[in-house]
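Here's the structure we're looking at; comments come further down.
The values are calculated or read from the model by the stated rules, or taken from the named source; none is laboratory data. Bear in mind the structure is a predicted one, so any value in this text is a computation, not a measurement. For neighbour counting, all protein chains shown are included, and Cβ atoms are generated from backbone atoms with ideal geometry for every residue, glycine included. We work out accessible area using only protein heavy atoms, side chains counted, and drop any ligands, DNA or RNA first. Shrake-Rupley method; radii C 1.70, N 1.55, O 1.52, S 1.80 Å.
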Amino acid sequence: MSSILVLHGPNLNLLGQREPEVYGFTNLEDINSLLEEEAKKLNVVIAALQSNHEGVLVDAIHTARHKHQGILINAGAYTHTSVALRDALTAVMLPAVEVHISNIYQRETFRHHSYIAPVVLGQISGFGAESYRLGLQALVNYLSKSS
């Protein structure tokens, strides 16, 4: 059975409270529950981690190469700033999908650039919490076709 690491970046622990007009009212626990349900349907397991610290996320990516077959990542603001996360994803060579709750291309110009997008299979943004489920489906579909 495949295992997927789900990474939630900075400030995502405040979902449901933070800027609901942008991110909605779904909290991180609800998103993780949604992913658990979807993982069961897809016959995979997930391990979710949220951190506000870049190094913790980098360490989790490094550890993933020995424990997981893929990574689903919402790097939050680090999407637009972190060469370290990009390099970690490149280094471990695991298939990954980038997700965002909001459509980052409809927001401030600085959010239009992703350091992560060029090194992952694809990016899903703008569908609220559903972006996570769609990203998990896409990743599992890729893994099933490549095995």
Residue pairs, Cβ under 9 Å, 6 or more apart or interchain, first in segment 22-43 and free of Cβ contacts under 8 Å to residues at least 40 places away in the same chain, second loosely packed, with under 12 Cβ neighbours inside 10 Å and not basic (K, R). List them.
F25/Q17; N27/Q17
Restricting segment 41-59 to residues that are outside any strand (DSSP E or B) and among the polar types (S, T, N, Q), the one most open to solvent (accessible area, probe 1.4 Å) turns out to be N43
Pairs needed: first member in segment 123-147, open to solvent by less than 50 Å² (accessible area, probe 1.4 Å) and part of a loop (DSSP other than H, G, I, E, B); second member anywhere, among the charged types (D, E, K, R) and at pLDDT 95 or above; C-beta distance under 9 Å; at least 6 residues apart or different chains.
A129/D30
Those residues of segment 60-84 which are surrounded by fewer than 23 Cβ atoms within 10 Å (Cβ to Cβ) and of a type in the set (A, V, I, L, M, F, W, C) amount to A60, A77, V83, A84
Which pairs do you get when a residue that is over 18 Å from H80 (Cα atoms), found in segment 51-67, comes within reach of a residue that is open to solvent by less than 70 Å² (accessible area, probe 1.4 Å) and outside any helix (DSSP H, G or I), reach meaning Cβ atoms under 7 angstrom, with the pair 6+ apart or on two chains?
A60/L5; A60/L7; A60/L49; A64/L5; A64/I71; A64/L94; R65/L94; K67/S3
